[in-house]
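A.B. asks: Take a look at this one; I'll ask things after.
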Amino acid sequence: MINVEKISKQYGSLQALKDISFQIEEGTCFGLVGPNGAGKSTLMKILSGILLDFEGDIRVRDWKVSKDRLKIKQHIGYVPQEICLEETLTARDNLLLFGSLYGVKKKELQKRMEEVFDQIGLTERAKDKVETFSGGMKRRLNIGCTLLHRPDIIIMDEPTVGIDPQSRNSIFSLIHHLKKSGTTIIYSSHYIEEVEQLCESVGLIDKGRLIEYGKMEDLLERYAKPSLFISGTGIDENLLRNFGDVEKKGNGYLLNSAHPLLTLKKLVTHCHEHNLEPHRLELYHPRLEDIFFHLTGTQLRNI
Amino acid sequence: MWAIARMELKKTVQDKGLWFWTFILPIVFIVAFVAIFSGEENASYQEIVTQIIPGYTIMFAFFIMISMVIVFVKDRERGMVARIASTPISVYQYFFGKWVPFMILVLVQIAVLFSFGVIVNDLPLGDPLALLVLSLALAFIVTGWGMAMAVIVKTENMGIALTQVLALGGALLGGLWMPVEFMPEFVQTISQSLPQYWALQGYKDILLSGSDITDIWINLLFLIVAGAGGMGLALLFYPRFLGHSRS
């Protein structure tokens, strides 16, 4: 179990994090979601032992970050948001560097490097200089550098920023593989779909505060009720108000009511009687993004 | 720690610009200035080469600070500093790993320039042990100051500008371009507060007067203490440096 206990961090007059507390079960994937500047990277830096001057503490199993930092670091792998590689050196040299920094012995390191190259799909390019790689290949190597010491916990700070769909899928496959092998993953992103796809539990962070956290299904159950989405010619807000609470969403409207199925039936009848032809009329299952909006009043995508 | 040193050394060897600044340009300067001043009536040829060769060796040794600034600032901007801080190695190991390759580079630079002097200009060498220890002390101060500069400066340009002030200003006032005896008294007083002065006087004592380590202990002490001061500053400013690292 990873226990984050009342973490606060101040940069001058800026309160970057305030009283952040949550728990992560080992072997699960925990997603940290928030807009840019919410404090995700600061929290990730604290979790990975880079930032030391903060209030509060973090416990990993029986170890405390404040006392057993070096021991914890042996069990953690950190994938930074930036691509931190030596571009003028080969992919092999980069893996060699990071494996050695974690104290992996030379013979064992050679074996693990082959495994990692295979996992990240770069075996053929091992001897090439990193500066000749595409963005996606660099991202994969960036993750590969974290796997050599076989960490129990991997902290990934926006690992898919600016890459092509093929590399993104490759990274997702790798994460699924790591999850299957029991690795705990802490995954930060402002791409909500990624977190929904990969994580079992999630923490929503905004302006340095943890707004809510818990299992994905619990949060959806607690905050998100199914509603109806409707769009089409002649469908307007005034009409829909007769059936429930209305809010504009994209090119249509969301209709919230206590009994969406019953409302759907009434709406279909009404449209039929008044010759209205909706382009779309469907049950809408709220997503993490809607919960974030519900709790903060802020759209993640617009930031 | 050795992994960082190995990686840094590999990068250094690949950097052709560094080879130019470290070896080729100083040799060009030495050849040119020895040629210009060798017709001087008031000084012997030996006095001229023992002024010019160590003088320009010391001046160009200080330019290693530019390479150090570039390496550290790049590491900070790419987030490499933060990433390395997430591994179990300590701050001391990090600095040691970064420092060793530059120390080696400066020692090789001194060896190459002095060897050139011996082969081409009949430079006398004096006591080899004293020469080695003084060269180690010189390499220690330039890398120590380089480390401090690299960690403290906010931008690469600021580091390059400050290094030029230190290297060229120190060369002028420290007597690397002309003997301090020819300078006004107040400049001679300033000279004595500069590492360039103590390094050059030490070399001159070894090469011209046959001094050994016991004769140049003050020079060594000055250089080592000043170098250690630089290292201390680098360690002191490391948390701020790490805080500014991208990740």
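The values are calculated or read from the model by the stated rules, or taken from the named source; none is laboratory data. Here the structure is a predicted model, which means the values were calculated and not measured. Neighbour counts run over all protein chains shown; Cβ positions are idealised from the backbone, glycine included.
A.B. asks: Any idea which of (1) in contact with a strand residue (DSSP E or B) (Cβ under 9 Å, 6 or more places away or on another chain); (2) in a helix (DSSP H, G or I); (3) free of Cβ contacts under 8 Å to residues at least 12 places away in the same chain is the one B:Ala82 doesn't satisfy?
C.D. replies: (3)
A.B. asks: Go through B:Ala171, B:Ala150, B:Ala130 for me and flag whichever is assigned to a helix (DSSP H, G or I) and under 30 Å from B:Arg240 (Cα atoms).
C.D. replies: After ruling out the rest, the residue left standing is B:Ala150.
A.B. asks: Residues to consider are A:Asn238, A:Asn242, A:Asn275; find the one that is part of a helix (DSSP H, G or I) and of a type in the set (S, T, N, Q).
C.D. replies: A:Asn238
A.B. asks: Out of A:Gly39, A:Gly49, which single residue is more than 17 Å from the chain's Cα centre (by Cα), at positive phi and surrounded by 15 or more Cβ atoms within 10 Å (Cβ to Cβ)?
C.D. replies: Answer to the selection: A:Gly49.
Rundown of residues vs (1) within 25 Å of A:Ile58 (Cα to Cα); (2) not in a loop (DSSP other than H, G, I, E, B), yes/no style:
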site: A:Glu131; (1), (2): no, yes
site: A:Gly144; (1), (2): no, yes
site: A:Pro151; (1), (2): yes, no
site: A:Thr160; (1), (2): no, no
site: A:Ser167; (1), (2): no, yes
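A.B. asks: May I ask you to verify whether B:Arg76 is touching a strand residue (DSSP E or B) at 6+ places or on another chain (Cβ under 9 Å), within 14 Å of another protein chain (Cβ to nearest Cβ), basic (Lys, Arg) and assigned to a helix (DSSP H, G or I)?
C.D. replies: Spelling it out, it is not the case that B:Arg76 is touching a strand residue (DSSP E or B) at 6+ places or on another chain (Cβ under 9 Å), within 14 Å of another protein chain (Cβ to nearest Cβ), basic (Lys, Arg) and assigned to a helix (DSSP H, G or I).
A.B. asks: Which number in (1) more than 14 Å from chain B (Cβ to nearest Cβ); (2) under 18 Å from the mean Cα position of the chain (by Cα) marks the one condition that A:Arg61 misses?
C.D. replies: It fails just one condition, (2).
A.B. asks: Another question about this same structure. How many residues does the stretch A:68-98 hold that are closer than 21 Å to A:Val161 by Cα, among the β-branched types (Val, Ile, Thr) and at the interface with chain B (Cβ under 8 Å from one of its Cβ atoms)?
C.D. replies: 1
A.B. asks: Taking A:Gly56 as the residue in question, decide whether it is surrounded by fewer than 18 Cβ atoms within 10 Å (Cβ to Cβ), away from chain B (no Cβ under 14 Å) and not in a helix (DSSP H, G or I).
C.D. replies: Judged against the criteria, A:Gly56 is a match.
A.B. asks: A:Lys266 passes all but one of (1) under 21 Å from A:Met216 (Cβ atoms); (2) modelled with pLDDT of 85 or more; which number fails?
C.D. replies: For A:Lys266, the failing item is (1).
A.B. asks: For A:Ile235, state whether it is assigned by TED's automatic domain parsing to the domain that holds A:Gly34, hydrophobic (A, V, I, L, M, F, W, C) and crowded, with 16+ Cβ neighbours inside 10 Å.
C.D. replies: No; evaluated as a whole, the condition is false for this residue.
A.B. asks: Further question: Here are some residues: B:Ile64, B:Ile52, B:Ile48. Which one is touching a helix residue (DSSP H, G or I) at 6+ places or on another chain (Cβ under 6 Å), without any contact (Cβ under 8 Å) to a residue 40 or more places away in the chain and crowded, with 21+ Cβ neighbours inside 10 Å?
C.D. replies: Going through B:Ile64, B:Ile52, B:Ile48 in turn, just one is touching a helix residue (DSSP H, G or I) at 6+ places or on another chain (Cβ under 6 Å), without any contact (Cβ under 8 Å) to a residue 40 or more places away in the chain and crowded, with 21+ Cβ neighbours inside 10 Å: B:Ile52.
A.B. asks: Something else now. Which members of the stretch B:82-140 meet the condition of being touching a Phe, Trp or Tyr at 6+ places or on another chain (Cβ under 6 Å) and more than 14 Å from chain A (Cβ to nearest Cβ)?
C.D. replies: Once the filter is applied, which keeps residues that are touching a Phe, Trp or Tyr at 6+ places or on another chain (Cβ under 6 Å) and more than 14 Å from chain A (Cβ to nearest Cβ), the stretch B:82-140 yields only B:Val112.
A.B. asks: If the requirement is being assigned to a helix (DSSP H, G or I) and under 17 Å from B:Ile64 (Cβ atoms), which of these qualifies: B:Trp145, B:Trp198?
C.D. replies: The match here is B:Trp145.
A.B. asks: Which residues, taken from the stretch A:207-217, are closer than 26 Å to A:Val246 by Cα, out of contact with any Ser or Thr (no Cβ under 9 Å at 6 or more places or on another chain) and part of a strand (DSSP E or B)?
C.D. replies: Of everything in the stretch A:207-217, just one residue is closer than 26 Å to A:Val246 by Cα, out of contact with any Ser or Thr (no Cβ under 9 Å at 6 or more places or on another chain) and part of a strand (DSSP E or B), namely A:Glu212.
A.B. asks: While we're looking at this one, here's another question. Which residue, of A:Ser21, A:Ser66, is in a strand (DSSP E or B) and either modelled with pLDDT under 90 or not acidic (Asp, Glu) (or both)?
C.D. replies: Of the residues listed, the single one that is in a strand (DSSP E or B) and either modelled with pLDDT under 90 or not acidic (Asp, Glu) (or both) is A:Ser21.
A.B. asks: Please find, among A:Leu178, A:Leu204, A:Leu174, A:Leu220, the residue that is assigned to a strand (DSSP E or B) and surrounded by 18 or more Cβ atoms within 10 Å (Cβ to Cβ).
C.D. replies: The match here is A:Leu204.
A.B. asks: When only residues in the stretch A:59-113 that are among the small types (Gly, Ala, Ser) and either touching a residue at least 12 places away in the same chain (Cβ under 8 Å) or surrounded by fewer than 18 Cβ atoms within 10 Å (Cβ to Cβ) (or both) count, which is farthest from B:Met80 (Cα to Cα)?
C.D. replies: Of everything passing the filter in the stretch A:59-113, A:Ser66 is farthest from B:Met80 (Cα to Cα).
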